[in-house]
1. Take PHE234 and decide whether it is more than 12 Å from the ligand (Cβ to nearest atom) and either of a type outside the set (A, V, I, L, M) or surrounded by fewer than 14 Cβ atoms within 10 Å (Cβ to Cβ) (or both).
2. Give the range 198-240 a look and list any residue that's among the β-branched types (Val, Ile, Thr) and touching a Phe, Trp or Tyr at 6+ places or on another chain (Cβ under 6 Å), or say none.
3. Can you say whether GLU20 is touching a helix residue (DSSP H, G or I) at 6+ places or on another chain (Cβ under 8 Å), acidic (Asp, Glu) and outside any helix (DSSP H, G or I), as far as the supplied structure shows?
4. Can you tell which of PHE114, PHE73, PHE27 is without any contact (Cβ under 8 Å) to a residue 40 or more places away in the chain and among the aromatic types (Phe, Trp, Tyr)?
5. Anything in the range 9-38 that is touching a strand residue (DSSP E or B) at 6+ places or on another chain (Cβ under 6 Å), among the hydrophobic types (A, V, I, L, M, F, W, C) and either modelled with pLDDT under 95 or within 16 Å of the ligand (Cβ to nearest atom) (or both)? List them, or say none.
6. If I go through the range 164-176 residue by residue, how many of them are touching a strand residue (DSSP E or B) at 6+ places or on another chain (Cβ under 6 Å) and in contact (Cβ under 8 Å) with a residue 24 or more places away in the chain?
7. Being on the phi < 0 side of the Ramachandran plot, in contact with a helix residue (DSSP H, G or I) (Cβ under 7 Å, 6 or more places away or on another chain), modelled with pLDDT of 95 or more and buried (at least 21 other Cβ atoms within 10 Å of the Cβ) narrows it down to one of VAL54, VAL86, so name that one.
Amino acid sequence: MDIRRVSVVGCGLMGSGIAEVAAKSGFDVTVLEVDDEVLERGKGRIKRSMDRAVEKEKLTLADREAAWDRLHFTAKVSDLESSNIVVEAITENLDAKVELFRELDKSCPGDTIFASNTSSLTVTDMAAATSRGDRFVGLHFFNPVPVMKLVEVVRTIATSQETVDRAMQFSRALGKVPIAAKDNSGFVVNLLLVPYLLDAIRQLEHGVATIEDIDTAMALGLGYPMGPFILCDFVGIDTLYKISEIMFEEYRDARYAPPPLLKRIATMGRFGQKTGKGFYDWSGEKPVALPV
Ligand code: CAA
């Protein structure tokens, strides 16, 4: 069976990006959110991103209209019944994900593929709560989804080869480059990225250099598009804190332990770009490093 109808659950930063890319790639997309208010916010995010693509002449007006027509928004799980694949991109909370997949398992036909965009939980923990372990994969996208080319396709010990093949094919149809990863917490990218970001915070705690100088060093010394603190604010301080806790819980390895400074900044509600403050103040034209 070909994948034609895609559902995306969660229309935050990642879900809206996945829905946008899928609609632009010609898929019929249904977006599910908890209520109409959250849906409206998600719709606005997709619309702004598409408008930006039109302004930058990456998308024609006609293609934007066609993509918009392929997008449907709902707050009812039962509207996802005819999906060929459901991609979950809700908050990084295992209980919430398990509850959602249990509900989806009851309402979707047996051949619908379930995919989670989790970044640090294990896919197995969600797949085990459903009756379709063989049709359950991880599809891990990167932020900003319309720009970043990678998708990590994650197989558990129960995922069938056919499901992996179809997930790879689907990722390519979205214009992405899939890589295959085993279901270990953090897959490939976060297994390397998270200790790097946490080490940068530890450097700061030890007074090795300032926020700006560490960022300049990594951007100019290694050609990274963003230094580690800009990247922390971009990923979200709350998200990074949650991911590091999950990975530390999984591996009990000090490399993944959230440094106290990360916890303090998260506790203060400085979640990064999305709240206007993290390691930097984002309210002006240029980010300004905040005292820590
Ligand atoms: N949507 C669509 N297009 C976007 C965009 C968005 N949200 N943000 C940027 N772009 C496009 C711009 O239109 C621009 O396109 P052109 O070059 O064709 O004009 C291009 O991307 C570059 O953007 P800008 O010139 O505005 O800014 P930039 O050169 O600083 O690039 C960036 C922005 C692409 C985000 C770049 O800084 C970058 O690659 N940063 C690293 C991002 C990264 O590491 N992401 C992974 C985070 S980890 C993660 O997601 C996984 C996890 O589990 C934590």
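1. Numbers: more than 12 Å from the ligand (Cβ to nearest atom): no; either of a type outside the set (A, V, I, L, M) or surrounded by fewer than 14 Cβ atoms within 10 Å (Cβ to Cβ) (or both): yes.
For PHE234, the condition - more than 12 Å from the ligand (Cβ to nearest atom) and either of a type outside the set (A, V, I, L, M) or surrounded by fewer than 14 Cβ atoms within 10 Å (Cβ to Cβ) (or both) - is not met.
2. Within the range 198-240, ILE211, ILE237 qualify.
3. Spelling it out, it is not the case that GLU20 is touching a helix residue (DSSP H, G or I) at 6+ places or on another chain (Cβ under 8 Å), acidic (Asp, Glu) and outside any helix (DSSP H, G or I).
4. Unique residue meeting the criteria: PHE114.
5. If the condition is that a residue be touching a strand residue (DSSP E or B) at 6+ places or on another chain (Cβ under 6 Å), among the hydrophobic types (A, V, I, L, M, F, W, C) and either modelled with pLDDT under 95 or within 16 Å of the ligand (Cβ to nearest atom) (or both), then CYS11, ILE18, ALA19, ALA22, ALA23 are the ones that fit.
6. Adding up the residues that qualify gives 4.
7. VAL86
To keep it simple, each residue is scored yes or no on (1) closer than 17 Å to VAL98 by Cα; (2) away from the ligand (no atom under 13 Å from the Cβ); (3) in a loop (DSSP other than H, G, I, E, B); (4) at pLDDT 95 or above.
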| position | (1), (2), (3), (4) |
| --- | --- |
| LEU121 | yes, no, yes, yes |
| THR124 | yes, yes, no, yes |
| PRO144 | no, no, yes, yes |
| VAL151 | no, no, no, yes |
| GLU162 | no, yes, no, yes |
| MET168 | no, yes, no, yes |
| GLY175 | no, no, yes, yes |
| LEU193 | no, no, no, yes |
| ALA200 | no, yes, no, yes |
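The values are calculated or read from the model by the stated rules, or taken from the named source; none is laboratory data. This structure is a prediction, so every number in the text was calculated from the model and none was measured. For neighbour counting, all protein chains shown are included, and Cβ atoms are generated from backbone atoms with ideal geometry for every residue, glycine included.
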